[in-house]
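Here is the structure we will look at.
The values are calculated or read from the model by the stated rules, or taken from the named source; none is laboratory data. Every value quoted in this text rests on a predicted model; they were computed, and no experiment measured them. All Cβ positions, even for glycine, are placed from backbone atoms using ideal geometry, and neighbour counts span all protein chains on display.
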Amino acid sequence: MKTKIIDITKQYDEALSEAARILKSGGLVAIPTETVYGLAANALDGEAVKKIYKAKGRPSDNPLIVHISNMEELGQLVDEIPEKVKIMAEKFWPGPLTMIMKKSGLIPDVTSGGLDTVAVRMPENKYARAIIKACGLPLAAPSANLSGSPSPTNAKYVYDDMNGRIPLIIDGGRSKIGVESTVITFADEIPAVLRPGAVTVEEIRNLIGEVRVDGAVLHKLKEGGKASSPGMKYKHYAPRADITILKGSLEKFIEYTKGKDFFALVFEGEEMYFENAVTYGKPLDGVSEANRLFDALRELDEKGAKKVYARCPEISGIGLAVYNRLIRSAGFKIIEL
Ligand code: AMP
Ligand code: MG
């Protein structure tokens, strides 16, 4: 299959009509969103959704996020809209927030990975919204990378992973945020954050009160343990390079790595201390770190890095999302200095 790329910032009408045509006929289209690029299919068509799992090499029990463009579309996808979901949607939608609810009969089992719940998000990116509107369908869209590798923040990285596997990539420029959405479930009595993102736990608690943070956000799932979010049990965000996180000051990092053959994954302004370095954002600035992390991981591979030592971000605010991705890309190898 030949993979075509259409730049929607230059060929708006053609991009929209081609994307809508493919999606309506049960095909796959990679689309830009503000978090990362998504690999979209008609969420209500089980056969179309199966193609997503195949193109990504994604395990079939790892459910997909369904994307909508306005609140009216939510009702038909879920059993009932909980009051707290309405409050959250009012404040954070459209935006980088995914909410899990009991699903309706319209959602095929392949879309929800066999669960009785469904994850829904209303993206803010204007091109994503226009594509959803143009095809008139809710779109199941996980990140548009091969399963296991870092999520793509631009059309070129989508092409690197998906060339020959999908018919169309819509290029809408770089993703503004750079990490995937916050995922929170409302399927249980007390809401729980299953994956941190740009909408922070602190912001959510301020709005709706008690919220749990699932244990798997910060720690490796125990052998044989049950994942609240199936995605958390799989290897994730991993470049080919072998990453170890060094927790501690820059001085200790320099001391520990002295004389070693490695690439440093460090913050801007720290690269001068190392022979080989890739930076990911500014120190103590979670927004810029989130924005750079996945690109930095891909750049390490492009530079042929084998062994990588990484600086550790602050573990609060959006930094929690950065840390959550980084520990997975490092296979949970962390050294306290
Ligand atoms: P991705 O679309 O690749 O960004 O991944 C979506 C994430 O949301 C994965 O970690 C999924 O396991 C999680 N997810 C999606 N739907 C559900 C659901 N119904 N229940 C729990 N987790 C979900
Ligand atoms: Mg993903």
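Cβ-Cβ contacts under 8 Å between residues 6 or more apart (or on different chains), taken from a first residue in the stretch 166-192 that is free of Cβ contacts under 8 Å to residues at least 24 places away in the same chain and more than 10 Å from ligand 1 (Cβ to nearest atom) to a second residue that is part of a loop (DSSP other than H, G, I, E, B) and not aromatic (Phe, Trp, Tyr), are listed as Arg174/Thr153; Arg174/Asn154; Ile190/Glu210; Ile190/Val211.
Residues in the stretch 49-81 that are closer than 16 Å to Gly114 by Cα and hydrophobic (A, V, I, L, M, F, W, C): Val49, Ile52, Leu64, Ile65, Val66, Leu77, Val78.
Of all residues in the stretch 106-118, those that are in contact (Cβ under 8 Å) with a residue 60 or more places away in the chain have Cβ atoms under 6 Å from Cβ atoms of residues that are polar (S, T, N, Q), 6 or more apart or on another chain, in Leu106/Gln76; Gly113/Asn62. Just name the residue that is farthest from ligand 2 (Cβ to nearest atom) out of those in the stretch 138-152 that are within 20 Å of Gly27 (Cα to Cα) and of a type in the set (Ser, Thr, Tyr). Looking at residues that are within 20 Å of Gly27 (Cα to Cα) and of a type in the set (Ser, Thr, Tyr), I get Ser147. When you look at Val287, is it surrounded by fewer than 20 Cβ atoms within 10 Å (Cβ to Cβ), under 21 Å from Gly178 (Cα atoms) and among the β-branched types (Val, Ile, Thr), yes or no? Here the answer is yes, as Val287 does meet what is asked.
Taking the criterion of being surrounded by fewer than 18 Cβ atoms within 10 Å (Cβ to Cβ) and among the hydroxyl-bearing types (Ser, Thr, Tyr), would at least one residue in the stretch 127-138 satisfy it? No, every residue in the stretch 127-138 fails to be surrounded by fewer than 18 Cβ atoms within 10 Å (Cβ to Cβ) and among the hydroxyl-bearing types (Ser, Thr, Tyr). Considering Ile177, Ile132, the condition of being β-branched (Val, Ile, Thr), at pLDDT 95 or above and in contact with a strand residue (DSSP E or B) (Cβ under 8 Å, 6 or more places away or on another chain) is satisfied by Ile132 alone.
For the stretch 6-34, a residue qualifies if it is in a strand (DSSP E or B) and touching a Lys or Arg at 6+ places or on another chain (Cβ under 9 Å), but none of them does.
Condition (residue is under 18 Å from Ile327 (Cβ atoms), within 16 Å of ligand 2 (Cβ to nearest atom), without any contact (Cβ under 8 Å) to a residue 40 or more places away in the chain and surrounded by 14 or more Cβ atoms within 10 Å (Cβ to Cβ)) applied to the stretch 237-260: is it met by at least one residue? Within the stretch 237-260, not a single residue is under 18 Å from Ile327 (Cβ atoms), within 16 Å of ligand 2 (Cβ to nearest atom), without any contact (Cβ under 8 Å) to a residue 40 or more places away in the chain and surrounded by 14 or more Cβ atoms within 10 Å (Cβ to Cβ). Among the residues of the stretch 35-63, those that are part of a loop (DSSP other than H, G, I, E, B), hydrophobic (A, V, I, L, M, F, W, C) and within 12 Å of ligand 1 (Cβ to nearest atom) comprise Val36, Ala43.
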